[in-house]
Structure formats: C-alpha cells, structure tokens
Amino acid sequence: MVKIIRVGRSSFCGLVLASLLMASQVHALEPEHEIRRLMLATEEAVSGESWGEAGEYLNRLQQLEGKKPADYFYFRGRVMMESGHFNESRAALEKYVSEAGTEGEHYNDALKMITRVEKARKLEGARASKASQNQNEPVAIIEPAGDQSLDKLKQLYLADSDAEALVIHANTLLEGAGWRSDQRIVRLDQPADIAYKLEKRNDRLSIQESRREDNGRVVRTTESMGVFGVNPQVEWNCESATTSCWIYDPRDGSRLMKLSQNRELAEEIARTLGRLIKTMQGSSQPRS
C-alpha cells in the first residue's frame, strides 16, 4: 500500500528553495580552491588570447578574500597592456617582479613587457601631444577622460555603471601601490604594511585602510566620504624623505592615503578617485 502525503504549494516551494541553497553551499569552493580554479581559467584564457574572458576571471579574483599568487599580477599586467591601460599594466607587472623575484616563471617576460609598456606610453604621449599642439589645446588633453574612456573601462571590467568601473579600476591600482616600510624587501608571504580599498555605498565612498603592525596583526579602519560639495580635483604628491606618495583628502587637503613611491601610479590613482567623485556627483542627487 502506497501512502500519499500531500504538501501545500508554499511548503513545497520552501522545500525546493532550501534544497537549492543546500546544494549551492555543498558545491561552493573554499576561497583558496576558488582562487586556484580562477587562476587556471585565467591562464587558459590568456594562452588563447581571449582578453575579455581573462579580464572577467581577473575581476572575480580581485573580489575574493585571500592572498593571490604572484602570477595573478603577471596575467593582470598582460590583460591591461592588451587593453591599452599602460599605467595599470606597468603597476601590475612591477608588483609581479617584486613578489616573484628572479625565480618567477614569467620574470624575464614581465621585464620585457614593462619595456614594451614604457615604449607604448611614450608613443601614445607623443601622438597626443602633437594632436593637442595642432588643435591649440593644452597638453592635459592626454589624460584619459570623457565618456569614451569610461565606456572602455566598463567593457574592460564588465561593469554595469561608470561608477562601478571606476571603483574596480581604483582598487586595482591601489592593490599595486601598497606602502612598505622597507621597500627593498618584498616577500610573497608579506603583504604591504599599508593598503587601501574603496567601496561605493549610495552617494558615499567608503575608504578602508589596512595597517600591519610590528607583531603582524592587521588593523583595519574605515572612513566614509560624502561626494556632494567635494572638489573632484584630487591632489597628490611624493616625498623622498618618507619614500612615499600621498593622496590628499579633497575635503580639507589633509593626508588621506599613504602609497608606495611611484609617481605615475599615485597620479593615476588621484585622477581615478577624482573621476569617481565627479561621476557619483552627476549620477545621484543629495539627500534632503
């Protein structure tokens, strides 16, 4: 004799939803394994010169918690170079060289690519300078700006909005600009002493600072910045005395971020932060 059990529609839906949630939890990989899986997928995409696909995997890797292998920065450098983002490419490749050292599998190739990026940037700058002179426009036109550049960033990062693309771009730059007390020694198992990460929350920017103490403990502090009434022209400067570069707070001119002594990278971070503030100002209305 078969006993039939009747289940209500809402109960049945609840059981199905619970089963799906349990299944997703069972099959979810731990961060260390997911990082490894996405690294393998990135390597395969780069080998096949599928740059858009490789960029998608790298973006997913960036969002994961946990230490990324040195090859992550090598592949990001390659993808950024192919996309014409030379500042970001050089920053990633330099970080790979610092972390992997001479024993790194891609060490020689990374050095060659840094030279290629340097030449490409000089050529691009020369062309932009010549174009600006012909049009009697200031040299500042060589700075990436405008809707076309934002469209390229959105395509590169597979972002849904200009602000989201700029946040990912800024965090990628910041990832390669961490400050170290001893910049002569960079170890794979020793992250930067001071690092930053941005997050957009409605009409505010969240700036997280991670500061590593002498005992190895990491202290994280978060500062919230409203974008309305803020000057989008973000200032920066580098100091030889402290072997660091600074991003200044656009609200009051105080020091906001302490970065490694890389002038070009600091300039690009300041520019990107300013573009993000301006974009957020234009896409939202201040709350009453």
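What follows is calculated from the coordinates using simple rules that are stated; it is not laboratory data. Just so we're clear, the structure is a prediction, and the values are computed from it rather than from any experiment. Methodologically, a virtual Cβ is constructed for each residue, glycine included, from the backbone with ideal geometry; neighbour enumeration extends over all protein chains shown.
Applying 1/(1 + (r/R0)^6) with R0 = 30 Å to the Cβ-Cβ distance of Glu30 and Val218, what FRET efficiency is obtained, to the nearest 0.05?
Once rounded, the FRET efficiency stands at 0.90.
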query: What nm distance separates the two modelled labels at Glu239 and Gln63, each placed 7 Å from Cα along Cα→Cβ?
result: 3.8 nm
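State the dimensionless ratio Rg/Rh of the stretch 148-288 (Rg: radius of gyration of Cα atoms; Rh: Kirkwood radius). Mind showing how you got there, number by number?
Values: Rg = 15.5 Å, Rh = 15.8 Å.
With Rh from the inverse mean 1/r over Cα pairs, Rg/Rh is 0.98.
What pairs in Lys67/Lys258; Lys152/Lys258; Lys112/Lys278 have C-alpha atoms more than 30 Å from each other?
Values: Lys67/Lys258 21 Å; Lys152/Lys258 28 Å; Lys112/Lys278 36 Å.
Table pairs above 30 Å Cα-Cα are Lys112/Lys278.
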query: Given the Cα-Cα distance of Ser206 and Gln155 and 0.36 nm per residue of separation, how much length would full extension add, in nm?
result: 15.9 nm
query: Any idea how far apart Glu82 and Arg121 come out in nm if each label point goes 7 Å out from Cα toward Cβ?
result: 2.1 nm
